[in-house]
1. For a quick check of your reading of the model, give me the residue pairs whose first member lies in region 59-74 and is part of a helix (DSSP H, G or I), whose second is of a type in the set (A, V, I, L, M) and at pLDDT 85 or above, with beta-carbon atoms closer than 7 Å and at least 6 apart or on different chains.
2. F28 is checked against (1) part of a helix (DSSP H, G or I); (2) surrounded by 10 or more Cβ atoms within 10 Å (Cβ to Cβ); (3) modelled with pLDDT under 90 and fails just one. What number does that condition carry?
3. Given the options K90, K103, name the one that is free of Cβ contacts under 8 Å to residues at least 40 places away in the same chain, surrounded by 13 or more Cβ atoms within 10 Å (Cβ to Cβ) and of a type outside the set (S, T, N, Q).
4. Would you say T46 is at pLDDT 85 or above, hydroxyl-bearing (S, T, Y) and surrounded by fewer than 13 Cβ atoms within 10 Å (Cβ to Cβ)?
5. What number of residues in region 250-277 are modelled with pLDDT of 85 or more and of a type in the set (K, R)?
Amino acid sequence: MKFIPNAIVRKIASQQLLAHEHSPRILFVGGVVGMLGSTVLACRATLKLESVLDEIERDLEQAKRVHELVNSDQYNGEQQYSDNDYRRDKTVIVMRGVGSVVKLYAPAMILGGASVFALTKSHSILNQRNIALTAAYAAVDGAFKRYRSRVVERFGDEVDRELRFDSEEVDIIDEDTGKITTVQRATDSPGSIYARFFDEYSSRNWSPDPDINLLFLRTQQNWLNDRLRIRGHVFLNEVYDTLGLAMTKPGAIVGWRWNKDSGDNYIDFGIWDGTKEVVNDFFNGREGAILLDFNVDGVIFDKMPSEAEHTDRIGRSRYRDGV
């Protein structure tokens, strides 16, 4: 007995895996092409429809003439053509005509149905993959947050920041004394998946005046927190866009959700401490830039507020504002 060589088996398995990976795209393209093909077939069938309808009309007219002739006073033959026979023949003619029309459009209907199935299947596969990816992303994000909390608990916030961000040693020279001090500063790449630098290169809202930058960031943070309380959710990309920063793929699915039972329930840019003072130089980033590290809750697609929560939140917001 001859066995299939392993190289061939691996090649076939590799092609099957590749086809499975690209199956949504293949099904979508096939569905679109099929819909175009079914339209062409339907147009061709329509060109032949008139002759089929004419044939049905001729048969019905002929049956009507025979019925009128047989039941007229001038007819003296022995053949009988009762009203029941006439109705039965009309039904047969119509059903036969419907069959001809269905047969005429059958290729277009079959191809159109297959195309709809392909498009639906493509959407279903992508939806299932998005659900799986979202769940995996949420699990990884949750594990990372738990890891960070353990690091902070054991070593403190300073060690957590130094481990979380890409940093480098920078020598600072005191202009008055000439003393050289070595400090840790964040590099051009923050390292954190959500952290971004706010500077003249990355944001259209950057100002050469540091006080204006801090005022702008504080104002936007307060406005976004009001938006969170009123609407119930804010995506990270919305924050990026408000600050004039480029949006990212993770920013389209992660963000904040207002939930009185869990979560931070506020948006924090990570540049002020509890006393509203700007945090240390390392956390504040490079010279001429401000390092923003957002306290996102994680994936929020499956955590959108219910209608009751939304109504309750709006009522409390109006009561707070004196409306």
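The values are calculated or read from the model by the stated rules, or taken from the named source; none is laboratory data. The model shown is predicted, which means the values in this text are computed figures rather than measured ones. Methodologically, a virtual Cβ is constructed for each residue, glycine included, from the backbone with ideal geometry; neighbour enumeration extends over all protein chains shown.
1. Note: pairs meeting the criteria are D59/I93; L60/I93; A63/I93.
2. (3)
3. The conditions single out K90.
4. On the way: at pLDDT 85 or above: yes; hydroxyl-bearing (S, T, Y): yes; surrounded by fewer than 13 Cβ atoms within 10 Å (Cβ to Cβ): yes.
Considered against the rule, which asks whether it is at pLDDT 85 or above, hydroxyl-bearing (S, T, Y) and surrounded by fewer than 13 Cβ atoms within 10 Å (Cβ to Cβ), T46 comes out as yes.
5. Residues in region 250-277 being modelled with pLDDT of 85 or more and of a type in the set (K, R): 1 in total.
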